[in-house]
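Read the figures in this text as sums done on the coordinates, not as results from a lab. Here the structure is a predicted model, which means the values were calculated and not measured. When we count neighbours, we look across all protein chains shown, and the Cβ atoms used for this are built from the backbone with ideal geometry, even at glycine.
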Amino acid sequence: MMPTFAFLILIGLFFLEIAYFKLADHFNIIDKPNARSSHNSITLRGGGVIFCLASIIYFVLFGFHYPYFIVGLFAISTISFIDDVLTLNNKIRLSVHLISVLLMFYQWGLFDLAWYWIPLALVFVIGTINAYNFMDGINGITGSYSLLAIITLYYINKNIYAFTSPALLITIALSLLVFNFFNFRKKAKCFAGDVGSVGIAFTIVFFMGQLILATHNFNYILLLLFYGIDAVSTILFRVIRNENIFEAHRSHFYQFLSNEKKIPHLIVATIYLLVQLIINIILVSVVNENIFSALLLCLFCVVIFMAVRFKMEGKQRLLKAQVV
């Protein structure tokens, strides 16, 4: 993509985001703080709609590539946006999620492989999308973490193995720059909403699936390792405490840092960004296709994370049911 063309797309996405803000303000699409929130002021919701819009712009301008992915992304983003505004029945929402994921699988060509890859991929994709959604709770964390993932994928695509359209990667990166401009700040102008967190998770998983299928290297799952460790460990601790893992909560480590330790959101988001950056550098420059090295890296990160978590939060908070 030519720099001038990329700049024009960036400006277009910027104005589209501004236009959405006006609509959200007019129709009162806002996020009100509650007991589970990590913020304390009313903020526009759904700014992450820009990710889906960016994909559609790519689709129209660059030859209508990846139609099944685009349709799946549009469907899952639309139902997530409606859920942001109205709160839908879970059966309707999950049905659309499933259809969207199956469209992604068709785009990947997954149905041409052995049947057992389908349930395995379903668990990974749906689990990742939901984990990504749960991790979207403070200013800056989703936008910055996602931008790092896209930049790393672009580097791999350009320098290691060409697995996808560089123009699509660049367009998504530009949409993340626009979103971060309004979200990566002390008082955010907007939140991603489910439309944003689910939409960008769906997009990143699509790229990762393309990469893994092209290289047969499952180590690239570690591109989302830090989010994964926080999400999975939090679910584990909630199960131990006999909590309903489907209810809203503030049990993630990033929430503890922001809410209990009162560390500013942007500092917490930057910590997550930097830790994942180090993981990505090790993954790309050292681990590569070595599964043993990948397992060692994963184990090391899990042990360090859990040690830090127990040190800071304590056994009582992590393992014992909290008395309300």
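Tabulated data for the structure shown
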{"quantity": "Restraint check, 262/320; 189/315; 22/187, Cα-Cα greater than 28 Å", "calculated": "189/315"}
{"quantity": "Sequence-separation-based contact order of the chain, relative, with Cα cut under 8 Å and 6+ spacing, percent", "calculated": "23 percent"}
{"quantity": "Kyte-Doolittle at least 0.5, axis length at least 20 Å by Cα - qualifying DSSP helices, the chain", "calculated": "3-26, 67-86, 90-108, 117-134, 141-159, 166-183, 193-215, 225-240, 265-282, 291-319"}
{"quantity": "Computed [θ] at 222 nm, deg cm²/dmol, the chain (DSSP H ≥ 4; -39,500 (n - 2.57); rounded to nearest 500)", "calculated": "-23000 deg cm²/dmol"}
{"quantity": "Ranked by how many other beta carbons lie within 10 Å on average, peptides 79-91, 223-235, 44-56 from highest", "calculated": "44-56, 223-235, 79-91"}
